[in-house]
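Nothing in this text is a laboratory measurement; each read-out follows from the coordinates by a stated rule. Note that the structure is predicted; figures quoted are calculated from it, not measured. Reconstructed Cβ throughout: ideal geometry from the backbone, glycine too, with neighbour counts over all protein chains shown.
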Amino acid sequence: MADKRSQHPRRGSSAKPGDGKPKRRKPRDGRPEQAGNTARAQADPGAKPPAKPHTRSSRAKAPQEALNARSKPSPDKQSAPRPIYNAPDFDRREPARQQVSLRPLNQRSGALPAQSAPIILESGNEDGYRLLDTGLNASGQGEKLEQYGALRIVRPEAQALWARGLPDGVWDKADAVFTGDTDEDGIGRWAFPNLPLGETWPMKLLDVDFHGRLTSFRHVGVFPEQIAHWRWMADQITAARRPLKVLNLFGYTGVASLVAAKAGAEVTHVDASKKAIGWARENQALAGLNDRPIRWICEDAMKFIAREERRGNQYDIILTDPPKFGRGPNGEVWQLFEHLPLMLDICRELLSPKPVGLVLTAYSIRASFYAIHELMRETMRGAGGRVESGELILRESGKATPDDCRALSTSLFARWLPQ
């Protein structure tokens, strides 16, 4: 194919095709060339072009052009790519695809752990939280009706493909309704059909007090389906009869960290969002746990665990709740399918000689739980124990007949246990 540029006169040409009349060109400083200079250039094509007259505008431009040239990186001094990220919930913009490997994956040997799958871990009828009903609204959109403490909330739910089980009059009594973009990462707003509400309200789960908060990404500061993991963790800490160290990666608002600390563990909480860390500290004060050993660390999760591995620090329980995508405080990029294998590989190195468990949950991904199930087994190859994997679900509890209480799948999980 011919170059399209050859089919047209060059931009800035002094003549149109076929008119044969040279025209004066304006140099960059805005002044026309002298006719004699143009004639000499046409008579002697090999001659050097005449020097450009020194004008005030050209002299003023020279320093700026030199500055621009200095600011451009040379080919052998390109800026280094930004490292990998862990993600806050507050910024969901698409990232530049820049990353750097912290280290290669370890080559594991030995037998794979035993396995139990699929396993369904169920929540939904808790002291402080209930899933009252789910179903399609009048516009054909799926929604869920939830009770968070004293507050009744309606939020979009794409998996609620059936008719509502409770009368519309019950739904109409909701205190807050999320409106706007129904995509999981979409920004929206809250409507208050009855009385205006504040941004936060008191909550309690597993005997831990904290603040619920209505965010623009439809979240409320807690994921109640995680109660199944939190209850297991608290039971393990209590039964250990020794001090346990817990690492909570992508810890968000700190409810899991507070549950662990209340049970008697020493906790390290890591999240990349300053806003989430601030919220978690507020929750610690509200729960009356300021005297408990909790380290609140605002940092990229991958960078943190890589440093912990180099230092030889270890933990008995590791909770990991990574997002599908996110950014770190310094622009680090996290992509779940790209970075999850290395994250789990490093987490294995951080487990203590007498570990209690490694827990992974994954939200909003188009994959079977078997993907993370087999990844967890390969990560723990040669370590013995068992990998349990499946789904976390929320079960309705607002119906008179238990058989009418339907379930919502919320996330996938994989959990390695030493026995």
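Observations on the model:
- Descending by average beta-carbon neighbour count within 10 Å, the peptides 319-326, 285-292 line up as 319-326, 285-292, the highest first.
- Order of Lys275, Lys245 under a 10 Å beta carbon neighbour criterion, fewest first: Lys275, Lys245
- Restricting the calculation to Cα atoms, the stretch 170-328 shows an Rg/Rh of 1.00 when the hydrodynamic-style radius is the Kirkwood one.
- When the convex hull of its Cα atoms is projected in every direction, mean area for the stretch 279-321 (nm²): 4.0
- Calculated FRET efficiency for the pair Asn330/Ala150, C-beta based, R₀ 41 Å, to 0.05: 0.55
- Cubic angstrom per residue, convex hull over Cα atoms of the stretch 358-419: 98
- The label-point distance for Asp127 and Leu112, in a model that sets each label 7 Å from Cα toward Cβ, rounds to 4.1 nm.
- The calculated pair-distance distribution of the stretch 265-416 uses every alpha carbon pair, bins of 10 angstrom beginning at 0, and gives 9, 33, 35, 18, 4, 0 percent.
- When each of the peptides 342-351, 247-256, 394-403 is scored by the mean number of other C-beta atoms lying within 10 Å of its residues, the order from highest to lowest reads 247-256, 342-351, 394-403.
- At R0 = 41 Å, FRET efficiency that the Cβ-Cβ distance of Leu105 and Lys173 yields, to 0.05: 0.20
- Per-peptide packing, taken as the mean over residues of other Cβ atoms within 10 Å, places 192-205, 355-368 in the sequence 355-368, 192-205 from highest down.
- Calculated P(r) tail over 15 Å for the stretch 136-177, as whole % of Cα pairs: 36
- Projected over all directions and averaged, the alpha-carbon convex hull of the stretch 237-326 occupies 5.9 nm².
- Rounded to 0.05, the FRET efficiency of the Asp235 and Thr200 pair, given R0 = 41 Å and the Cβ-Cβ distance, is 0.90.
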